[in-house]
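First up is the structure itself, then whatever we jot down about it.
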Amino acid sequence: MEIRKVGVVGCGLMGSGIAQVSAMAGFPTVVREVSEDLLKKGLGIIEKSLAKFVEKGTLTAQQKAETSARLHATVDMGDFEDCDLVIEAIIENLDRKRELFGTLDGIVKPEALFASNTSSLSVTEMMTATKRAPQFLGLHFFNPVPLMKLVEVVKTVVTDPAALEAGLAFVKATGKTPILTSDRGGFIVNRLLVPYLLDSIRALEEGAGSIVDIDNGMKLGCGHPMGPLTLNDFVGIDTTYYISEIMFNEFREKRFAAPPLMKRMVAAGMLGRKTGKGFYDYSDPKNPQPNRELER
């Protein structure tokens, strides 16, 4: 199962990053979006990222040009037909992903591998939408993809060992470090991270400390690069909430249950950096201030 050509479905924040690192690693890469406008936006993200690498001296102008030449942008699903690996990076919705893989199954050559970039959904449930269950796995990249070194490689109970080895080899070829995990809610990283993020919100709503003190406690006491409430804002409070719901539905454990404060923040549209307000107010992005409304 040698991977020579890669396909990426979706050219948003994650898809563009996956397509970029694939092309940088030397793989001819097809990246697809549903419209020319979205495709243009995604390619702009890639261009900006590659330019930063050149500016920092980690990529030459020649290497940047070669990377761009290996990228084929399209709105046509038929362009995936001869890919050896197709990675899905669309909206985190199981029905949409199953529909996509069912369509791809009838287009892409039978021996090709399929992978999902999902952070929390069941890879097994996606797999059942195809006729290539042994060739199906999860490849969970982290944001921002060009900079983050980790990829969770997710195997199902029927993933062919050869497919798994091919997936691991691809990840290593892109310069990332793979960690192997099984298809259970949250995999490794979110299974450990999400309860921590939820507990930081519980600590706030129970009066254990202020927003700044909770964040400083973990930054200065545990050496974390950012506090948990800042991280909640960075990830998106709605995103963490959505993942917690998936994990709670799978495990039925309190540690995965979203705190009441989180639910109310999502309902109020207080989602973090992307909406300008979460646990911090980003009216001045360079100097965010704690959202005192949450400390009353």
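When the criteria are applied in full, residue 73 fails the requirement of being more than 22 Å from the chain's Cα centre (by Cα) and either within 27 Å of residue 166 (Cα to Cα) or aliphatic (A, V, I, L, M) (or both).
Scanning segment 11-33 for residues that are modelled with pLDDT of 95 or more, among the hydrophobic types (A, V, I, L, M, F, W, C) and part of a helix (DSSP H, G or I) returns 14, 18, 19, 21, 23, 24.
Among the conditions (1) free of Cβ contacts under 8 Å to residues at least 24 places away in the same chain; (2) of a type in the set (S, T, N, Q); (3) under 17 Å from residue 193 (Cα atoms), residue 275 misses just one, which is (3).
Taking interchain pairs and intrachain pairs at least six residues apart, which have beta carbon atoms under 8 angstrom, with the first residue in segment 51-63 and closer than 16 Å to residue 21 by Cβ and in contact (Cβ under 8 Å) with a residue 24 or more places away in the chain and the second of a type in the set (D, E, K, R) and part of a helix (DSSP H, G or I)? If the second residue must be of a type in the set (D, E, K, R) and part of a helix (DSSP H, G or I), the pairs left are 53/64.
Matching residues to (1) more than 18 Å from residue 119 (Cβ to Cβ); (2) in contact with a Gly (Cβ under 9 Å, 6 or more places away or on another chain); (3) crowded, with 19+ Cβ neighbours inside 10 Å; (4) among the small types (Gly, Ala, Ser):
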| position | (1), (2), (3), (4) |
| --- | --- |
| 169 | yes, no, no, yes |
| 187 | no, yes, yes, no |
| 214 | yes, yes, yes, no |
| 233 | no, yes, yes, no |
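Any idea which of 36, 81, 92 is at pLDDT below 95 and either within 21 Å of residue 142 (Cβ to Cβ) or out of contact with any Pro (no Cβ under 6 Å at 6 or more places or on another chain) (or both)? Within the list 36, 81, 92, the selection yields 92. If you check 266, 212 for being in contact (Cβ under 8 Å) with a residue 60 or more places away in the chain, β-branched (Val, Ile, Thr) and in a helix (DSSP H, G or I), only one passes: 212. So, of the residues in segment 127-150 that are buried (at least 20 other Cβ atoms within 10 Å of the Cβ) and aromatic (Phe, Trp, Tyr), which turns out to be farthest from the chain's Cα centre (by Cα)? Checking each candidate, the answer is 136.
Scanning segment 18-35 for residues that are within 20 Å of residue 104 (Cα to Cα) and exposed (fewer than 14 other Cβ atoms within 10 Å of the Cβ) yields 34, 35. Just one residue in the set 44, 10, 15 is out of contact with any strand residue (DSSP E or B) (no Cβ under 9 Å at 6 or more places or on another chain) and assigned by TED's automatic domain parsing to the domain that holds residue 101; that residue is 44.
The values are calculated or read from the model by the stated rules, or taken from the named source; none is laboratory data. The structure displayed is predicted, hence computed values, not measured ones. Please note: Cβ atoms are built from the backbone with ideal geometry, for glycine as well, and neighbour counts cover all protein chains shown.
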